[in-house]
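Down below is the structure, laid out as structure tokens.
The values are calculated or read from the model by the stated rules, or taken from the named source; none is laboratory data. Just so we're clear, the structure is a prediction, and the values are computed from it rather than from any experiment. FYI the Cβ positions are ideal-geometry reconstructions off the backbone, even for glycines, and counts take in every protein chain you see.
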């Protein structure tokens, strides 16, 4: 069978591969301490579930508008004004099947053959693959551990060419947990301002999960870039709604209209009653978000202190999200080998950094309970000591 040529440069998700291996081991009765999950271990807050249940009881089970329920689009426009200082009309916001779908839609709309998309590396696993599926070329800009895995304005300026069509910014970031300061965001914006052909997508899925007073500043808040910036976000991380598949995209009217057309011909509308849950999430009390973030903050302290004291590992302290991204370069193993050996020998599941463009790193998630973190760190330390 001959598959479409567009699939040839696409690689399978290593994050899903690790998860499958861990599940297979559990099914075989082997204990696994899983630090691979990219989702909160908390249940969705009750008011959100109640809103979805009520919508089901009221028969909200039919097709809806491709761009999303008007009530949700209006609520998201209000959220962007209140939280981010960004003025969008409801028609400048569309609801998508998760934050990933928001990114996919905009890349289908903006990119084509011959275009380049600049992606800071380490990067979230799907950015380059989406760019390739759109027919464009990902241009990876390496960020240094000594700069907290954040690229500099000079690096960005050097990467821009006449073919550059898109710049991808993710802060707080996956897999590093890095958060660009407002000054750093403005410095990147100053570079981009001189290149009017370049669009910007700001992936803000982790915006509410921050620590130590770190500030989330959207690059769309820079006036010179507002008209060519797209905000991609969703409910999965902050509200523990990963399985609900509700995200959103905000930006210029013409781009949102085009993305809505693409969505209308691919997935139609987002699950109707899930959108009513999303309305409750964005308009209701944010106490659940605060409670989850506080729990992540406690876990971050535990895992960071444990990992940074393991000889052979170098680990910056994350300012956001719920990941640690230690450097394993001193141990002489590539990231895939490291993770496979760790899983087989100690039953600890983590994700190889090569999935994120960094083969000298591994990603550990602390979106799990303290007991799992403590035992996994014991086993990680024992494993690393054998490699030195």
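Of note:
- If only residues of region 202-214 that are over 21 Å from residue 72 (Cα atoms) and touching a helix residue (DSSP H, G or I) at 6+ places or on another chain (Cβ under 6 Å) are counted, the one that is surrounded by the fewest Cβ atoms within 10 Å (Cβ to Cβ) is 211.
- Some residue of region 284-305 being touching a helix residue (DSSP H, G or I) at 6+ places or on another chain (Cβ under 6 Å), surrounded by fewer than 24 Cβ atoms within 10 Å (Cβ to Cβ), part of a loop (DSSP other than H, G, I, E, B) and at pLDDT 95 or above: yes
- Given (1) under 28 Å from residue 315 (Cβ atoms); (2) crowded, with 24+ Cβ neighbours inside 10 Å, index of the condition residue 192 fails: (1)
- Criterion applied to 179, 185, 270 was being buried (at least 16 other Cβ atoms within 10 Å of the Cβ) and either over 30 Å from residue 316 (Cα atoms) or modelled with pLDDT under 95 (or both), and the one residue passing it is 270.
- Verdict on residue 369 being within 23 Å of the chain's Cα centre (by Cα) and either surrounded by fewer than 22 Cβ atoms within 10 Å (Cβ to Cβ) or more than 17 Å from residue 314 (Cα to Cα) (or both): yes
- Residue 50 being more than 30 Å from residue 364 (Cα to Cα), over 21 Å from the mean Cα position of the chain (by Cα), in the same structural domain as residue 207 (by TED's automatic domain parsing) and at pLDDT 95 or above: no
- Any hit, region 244-255, residues being surrounded by fewer than 22 Cβ atoms within 10 Å (Cβ to Cβ) and within 30 Å of residue 371 (Cα to Cα): yes
- All of 330, 349, 358, 376 fail the test of being surrounded by fewer than 22 Cβ atoms within 10 Å (Cβ to Cβ) and under 25 Å from residue 173 (Cβ atoms), apart from 330.
- Qualifying residue in region 350-358 (condition: assigned to a loop (DSSP other than H, G, I, E, B) and either over 18 Å from the mean Cα position of the chain (by Cα) or under 16 Å from residue 315 (Cβ atoms) (or both)): yes
- Some residue of region 270-281 being assigned to a loop (DSSP other than H, G, I, E, B), closer than 30 Å to residue 109 by Cα and touching a strand residue (DSSP E or B) at 6+ places or on another chain (Cβ under 8 Å): yes
- Helices (runs of 4 or more DSSP H) wholly inside region 1-89 that include at least 2 residues being in contact with a strand residue (DSSP E or B) (Cβ under 8 Å, 6 or more places away or on another chain) and touching a residue at least 40 places away in the same chain (Cβ under 8 Å): 14-27, 70-84
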